[in-house]
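These notes concern the structure reproduced below.
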Amino acid sequence: MDSKKRQLRGILFAIVTALFWGVLAIGLKVAAEFIDSISIVWFRFFISFSFLASFYAFRKPKALRIIYSAPPILYLAAVFLGLNYLGFMNGIRHTDPNTAQIIIQMGPILLGLMGFVLFKEKINLRQGFGFLVAGVGLVIFYRQSLLSLVEERTLFNQGVWWIVVAALAWMLYALIQKRLVARIPSQELNLVIFGLPMLAFLPGVQWDALAGLETWQWWLMIFLGLNTLIGYGSLAYAIELTDINKVSVIITMNPMLTILLMAAISIWEVSWMEGRVLDTVSALAALMVIAGGVVAVVFRKGRFVEPEAD
């Protein structure tokens, strides 16, 4: 496959990830109303691992060897992704999808920054301006969200800190993933990345709560699991096929879908969730975060330099 086709396919996979992640936050918020965080996180990994492992068991059994013979750094990536899922889930439980989606953008923004730091690219004036705008936007958005709260500010702050932890964990996961895809197929990596957290969270699952779910709740849980499989499967292909900075640009746009859907939910006044229309200041701050992140990773000098394999 020539370079242009690889880049195009990578971009398309990144778009799929952005779309699935744009809907994900809303689904998680709904699920948080009827089941605990660990059970949700475990089920997402369980569904993803089960589908992927079943596929390889029938199509390429030898690929399953990676589960017990993976490089140690891959297990570390799995730990970081598990922490990302738990942090985001706890964060969204105490905030709302809009807030969670804006704050979590620290992940791809920092990923773009680390692409320059670790992979020997130079940050020019436009890039620096982009990072500054995104940072200021995050501060304004957080402050405006806090001002809109009459009570439960402590829980809101706890939620924000959980999301910050999730963002940092995701950045570390993505950096390791990018390093390993040069040697190991991306979906084989996901066997470990999904499987290890599935085992780690197993002791904390509330089986009684799962057994008592209604039909529509089961469908939502299955969707959340498939969202993990498709979203992160597409992300793995995107990172494998195109520059990490381009991937960061595209997935940084996913909060726009969440914000639009939350506004629609508010306008339609649905019974299953409370929507939210951002006020002018919050909307401008959100735009600053997204635009700043895009500018920071678009206006770069030189070419992306792959890290050397161990």
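Values quoted throughout were computed directly from the atomic coordinates according to the rules given, and no laboratory measurement underlies them. Given the structure is predicted, the values throughout are model-derived calculations rather than measurements. Glycine gets a Cβ as well: all are built from the backbone with ideal geometry, and neighbour counts include every protein chain shown.
What does the highest-first list of 64-73, 103-112, 184-193, 257-266 look like by mean Cβ count within 10 Å?
The peptides rank, most packed first, as 103-112, 184-193, 257-266, 64-73.
Within the chain, which DSSP H helices have Cα atoms that stretch 24 Å or more along the helix axis and a mean Kyte-Doolittle hydropathy of at least -1.0?
Sorted by number, the helices that extend far enough and score high enough are 3-31, 37-59, 72-94, 125-147, 153-180, 215-241, 280-298.
Principal axis extents for the chain, Cα atoms only, whole Å, descending order, please.
54, 53, 30
Helix-derived [θ] at 222 nm for the chain: sum -39500 (n - 2.57) over DSSP H runs of at least 4, divide by residue count, nearest 500?
So the helix-based figure for the chain works out to -26000 deg cm²/dmol.
For the chain, please report how many Lys pairs fall under 18 Å Cα to Cα, leaving out neighbours fewer than 8 apart on the same chain.
Counting lysine pairs in the chain gives 9.
Please tell me the relative contact order of the range 3-298 in percent, rounded to the nearest whole number, where contacts are Cα pairs under 8 Å and at least six residues apart.
Relative contact order of the range 3-298: 42 percent.
At a 10 angstrom cut-off on C-beta neighbours, averaged per residue, how do the peptides 95-102, 279-286 rank from highest to lowest?
95-102, 279-286
Which chymotrypsin sites (Phe, Trp or Tyr not before Pro) does the range 8-65 hold that lie in a coil by DSSP with at most 16 other beta carbons within 10 Å?
Those that pass, being in a loop and sparsely packed, are Phe34.
Counting alpha carbon pairs within less than 8 Å and at least 6 residues apart, what relative contact order, in whole percent, applies to the range 151-310?
Computed over the range 151-310, the figure is 26 percent.
Would you mind calculating the gained length between Ile267 and Asn124 on full extension (0.36 nm times residue separation, minus the Cα-Cα distance), in nm to one decimal?
47.2 nm
So who's got an amide H within less than 5 Å of the one on Asn124, skipping anything under 5 residues away but keeping other chains? H placed 1.01 Å off N, in plane.
Close amide H contacts, sequence-distant or interchain: Lys301.
What translational D, rounded to a whole number of µm²/s, comes out for the range 34-144 from Stokes-Einstein when the hydrodynamic radius is the Kirkwood one over Cα pairs, at 20 °C and 1.002 mPa s?
My calculation gives 124 µm²/s for D.
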